[in-house]
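To start, the structure itself, in structure tokens.
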Amino acid sequence: MDVERFLEEHGLTENPFGAEEARHDPVFEKIAAGEGMSHPELVKVLGSPDRPHTSVVFGEKGSGKTALRLLMAQRITRFSNEHPDRRTLLVAYDDFNPVLDTMAHNKARHGSRRSRDPDRLLASFRLEDHQDAILSLAVTKVVSGVLGVDAHAPEAMVTSGDMNEKLRGLPKPARVDLAVLAALYDSPRGGSGSVERWGQLLKKLRLGFSMPYWLLQGTVIVLTSLALALFLAVAPATSDWFKLPIPSGWLAPSAVGVAVLALVSCLALISTRMKVWRLARRIQKECLATDRTRPQLRRMLADIPAKEREGQPWPRPGGDSTQARYEMTTKLIKFIGAFGYNSMVVLIDRVDEPTLVAGRPERMRRLIWPMFDSKFLQQDRIGLKLLLPLELRYLMHKEDAAFFQEARLDKQSLVDRLAWSGATLYDLCSARLRACNRDKDSPITLADLFEEDVTRAALIEALGQMQQPRDAFKMIYAVILAHCNNVPADDGAYRIPKLTLESVRREQAMRINELQRGLSPA
């Protein structure tokens with residue numbers, strides 16, 4: 001029997017149990033679109049979208065961490081749409097490859113050998129680098145929302161039609177803060193015209209220094225010098241024409257004075273430029289996880305007058321470098337508050353997938369452990385949702401008391417293991433069947449696929465042995481496939497017998513046991 005014919009006989013338009021990754025699962029999208037089935041811990045992990053808190057979740061591969069992340073994103077987006085005055089800025093920090101590649105490139109530029117060794121590179125990863133990466137994602141969304149850029153930033157901050165009016169109502173310090181944040185962290189996908197985008201932002205913010213300040217200063221100096229030189233050149237003729245008395249010996253001292261004035265002005269211009277260059281060099285040396293180049297920094301910083309640059313918490317080597325990032329984050333949260341965004345949620349997932357990590361627990365630990373800082377995890381109006389592989393849980397329990405004192409996991413809504421009961425998995429499988437059911441008015445459950453001697457309790461027990469959704473789906477699909485292989489098409493037997501279920505259950509339970517012991521791949 002063909003599997004498609006089996007599914008059609010039960011009124012199913014597609015295979016409910018074929019996908020193994022939530023990001024590419026159309027059935028999951030259908031369930032997530034409504035108030036569909038989810039893990040019981042979702043309420044605890046998500047909390048209130050407009051008053052977010054930090055959560056730490058450990059789960060095995062296939063336990064539904066990515067599905068949990070997608071559900072949280074969907075519910076936060078829905079809440080923000082329904083409450084425009086209490087929106088939450090959603091930041092997905094789930095692709096570490098660009099960050100690690102940028103960091104390796106910057107370290108290689110500075111001649112560091114750590115850029116060539118993944119273990120040494122990950123060992124040098126700091127909390128500041130995570131802060132910069134998150135700020136880059138968040139600031140890019142905000143700037144894209146302000147500019148109304150949809151083509152290059154489909155996930156830009158949602159803004160209302162009165163954007164220009166709200167920008168006009170902002171005080172100048174708030175607009176300068178966004179310009180400073182953009183100079184450091186705005187990084188649109190593909191690096192699309194950062195200089196042009198910077199000019200558009202300055203114009204949108206009405207800051208009035210879209211012409212580089214150093215260029216304006218240099219132009220004034222040159223024009224003044226030329227005017228004085230021209231006057232000195234024509235002064236004798238002018239005195240004869242207008243019969244003006246000019247003291248003898250006046251021209252030589254005046255020429256010297258003009259030369260000195262021009263020299264002092266040039267030295268002042270060079271000093272200003274050197275300050276900008278030094279600041280750009282120090283920032284670029286400190287922010288290794290961002291892809292802002294030194295020439296770009298020099299251009300953008302030079303566009304900001306010296307009085308506006310003073311007092312900004314620029315990230316520079318030395319001192320408490322994390323504090324500069326905290327201040328930058330506070331400026332960002334304060335700015336987006338004017339557009340109805342009261343908070344920000346950062347979803348952290350797929351930490352085992354980067355190329356340099358390659359699924360190795362020790363490398364994951366080096367990447368993630370810097371974030372286990374109580375001050376970082378408990379920032380006001382910011383919720384961090386860390387969805388971590390179970391291997392990190394084992395490593396965490398080997399840490400000393402100082403680690404737990406620093407992380408304060410007792411305050412982080414910890415889910416020690418994302419576990420699924422057989423009953424929950426049964427409900428999840430039934431929800432997927434209903435999502436694929438052609439006749440929405442005719443309810444269907446997982447038990448409807450089996451013979452009458454296969455009780456719901458037997459199905460729940462079999463699913464309980466699978467422990468997590470991915471393995472549960474694999475088992476149900478394997479049962480369907482085994483039944484179709486054993487039954488001729490003209491037999492008309494479209495319900496699965498108990499013997500087939502038991503046979504496949506034993507095979508799948510053995511596979512999971514070998515997987516947990518490291519004897520077989522997933």
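The values are calculated or read from the model by the stated rules, or taken from the named source; none is laboratory data. Keep in mind that what you see is a predicted model, and the values were worked out from it rather than measured. When we count neighbours, we look across all protein chains shown, and the Cβ atoms used for this are built from the backbone with ideal geometry, even at glycine.
Of all residues being in contact with a Gly (Cβ under 8 Å, 6 or more places away or on another chain) and within 21 Å of residue 329 (Cβ to Cβ) in region 70-87, which is surrounded by the most Cβ atoms within 10 Å (Cβ to Cβ)? Just the residue, please.
First, pick out the residues of region 70-87 that are in contact with a Gly (Cβ under 8 Å, 6 or more places away or on another chain): 84-87.
Okay, now just the ones that are also within 21 Å of residue 329 (Cβ to Cβ), so 86-87.
Details: 86: 16, 87: 26.
So the residue we want is 87.
With the condition kept exactly as written, say whether any residue in region 84-107 is of a type in the set (Gly, Ala, Ser) and free of Cβ contacts under 8 Å to residues at least 12 places away in the same chain. No, region 84-107 contains no residue that is of a type in the set (Gly, Ala, Ser) and free of Cβ contacts under 8 Å to residues at least 12 places away in the same chain. Per the listing 410, 471, the residue uniquely assigned by TED's automatic domain parsing to the domain that holds residue 392 and assigned to a helix (DSSP H, G or I) is 410. Among what's in region 285-338 and is under 21 Å from the mean Cα position of the chain (by Cα) and basic (Lys, Arg), pick the residue that is nearest to residue 131 (Cα to Cα). Here the answer is 325.
Restricting the search to region 358-391, which residues are assigned to a helix (DSSP H, G or I) and in contact with a Lys or Arg (Cβ under 6 Å, 6 or more places away or on another chain)? If you could, list the steps in order and put the result at the bottom.
So in region 358-391, the residues assigned to a helix (DSSP H, G or I) come out as 361-371, 374-377, 390-391.
Of everything in region 358-391, those that are assigned to a helix (DSSP H, G or I) and in contact with a Lys or Arg (Cβ under 6 Å, 6 or more places away or on another chain) turn out to be 370, 374.
Quick check, is residue 79 in contact (Cβ under 8 Å) with a residue 12 or more places away in the chain, in contact with a helix residue (DSSP H, G or I) (Cβ under 6 Å, 6 or more places away or on another chain) and of a type in the set (Phe, Trp, Tyr)? Please lay out each step first, then the result.
On the way: in contact (Cβ under 8 Å) with a residue 12 or more places away in the chain: yes; in contact with a helix residue (DSSP H, G or I) (Cβ under 6 Å, 6 or more places away or on another chain): no; of a type in the set (Phe, Trp, Tyr): yes.
No.
Somewhere in region 342-357, is a residue assigned to a helix (DSSP H, G or I) and either among the aromatic types (Phe, Trp, Tyr) or farther than 27 Å from residue 46 by Cα (or both)? The answer is no, given that none of the residues of region 342-357 is assigned to a helix (DSSP H, G or I) and either among the aromatic types (Phe, Trp, Tyr) or farther than 27 Å from residue 46 by Cα (or both). Just so you know, in region 163-186 the residues that are of a type in the set (A, V, I, L, M) and modelled with pLDDT under 90 include one that is nearest to residue 280 (Cα to Cα), and it is 167.
Taken over region 451-474, the criterion of being under 14 Å from residue 423 (Cβ atoms), of a type in the set (Val, Ile, Thr) and surrounded by 16 or more Cβ atoms within 10 Å (Cβ to Cβ) is satisfied by 460 alone. Against the condition aliphatic (A, V, I, L, M), over 16 Å from the mean Cα position of the chain (by Cα), exposed (fewer than 15 other Cβ atoms within 10 Å of the Cβ) and under 26 Å from residue 430 (Cα atoms), how does residue 67 come out, does it pass? Considered against the rule, which asks whether it is aliphatic (A, V, I, L, M), over 16 Å from the mean Cα position of the chain (by Cα), exposed (fewer than 15 other Cβ atoms within 10 Å of the Cβ) and under 26 Å from residue 430 (Cα atoms), residue 67 comes out as no.
Return the residues of region 7-26 that are more than 35 Å from the chain's Cα centre (by Cα), aliphatic (A, V, I, L, M) and assigned to a helix (DSSP H, G or I); say none if nothing qualifies.
Looking only at region 7-26, we keep the residues that are more than 35 Å from the chain's Cα centre (by Cα), and these are 7-13.
Within this subset, residues satisfying the condition of being aliphatic (A, V, I, L, M) are 7, 12.
Correct list: 7 only.
Looking only at residues in region 285-309 that are part of a helix (DSSP H, G or I) and without any contact (Cβ under 8 Å) to a residue 24 or more places away in the chain, the one that is surrounded by the fewest Cβ atoms within 10 Å (Cβ to Cβ) is 307.
Yes/no per residue for (1) farther than 20 Å from residue 133 by Cα; (2) at pLDDT 95 or above; (3) touching a strand residue (DSSP E or B) at 6+ places or on another chain (Cβ under 8 Å):
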site: 344; (1), (2), (3): no, yes, yes
site: 384; (1), (2), (3): no, yes, yes
site: 391; (1), (2), (3): yes, no, no
site: 415; (1), (2), (3): yes, no, yes
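Looking at 461, 452, just one residue is without any contact (Cβ under 8 Å) to a residue 60 or more places away in the chain, out of contact with any Leu (no Cβ under 9 Å at 6 or more places or on another chain) and closer than 23 Å to residue 7 by Cα, and that residue is 452.
If you go through region 88-111 and keep only what is buried (at least 17 other Cβ atoms within 10 Å of the Cβ) and at pLDDT below 90, you end up with 106, 107.
Residue-wise test of (1) assigned to a loop (DSSP other than H, G, I, E, B); (2) polar (S, T, N, Q); (3) touching a Pro at 6+ places or on another chain (Cβ under 6 Å).
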| residue | (1), (2), (3) |
| --- | --- |
| 393 | no, no, no |
| 420 | yes, no, no |
| 424 | no, yes, no |
| 434 | no, no, no |
| 440 | yes, no, no |
| 447 | no, no, no |
| 457 | no, no, no |
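So if I check each of 318, 337, which one is in the same structural domain as residue 398 (by TED's automatic domain parsing) and without any contact (Cβ under 8 Å) to a residue 12 or more places away in the chain?
Details: 318 fails: in the same structural domain as residue 398 (by TED's automatic domain parsing).
Going through 318, 337 in turn, the sole match is 337.
Evaluated against (1) touching a Lys or Arg at 6+ places or on another chain (Cβ under 7 Å); (2) modelled with pLDDT under 90, residue 40 falls short on exactly one condition, (1).
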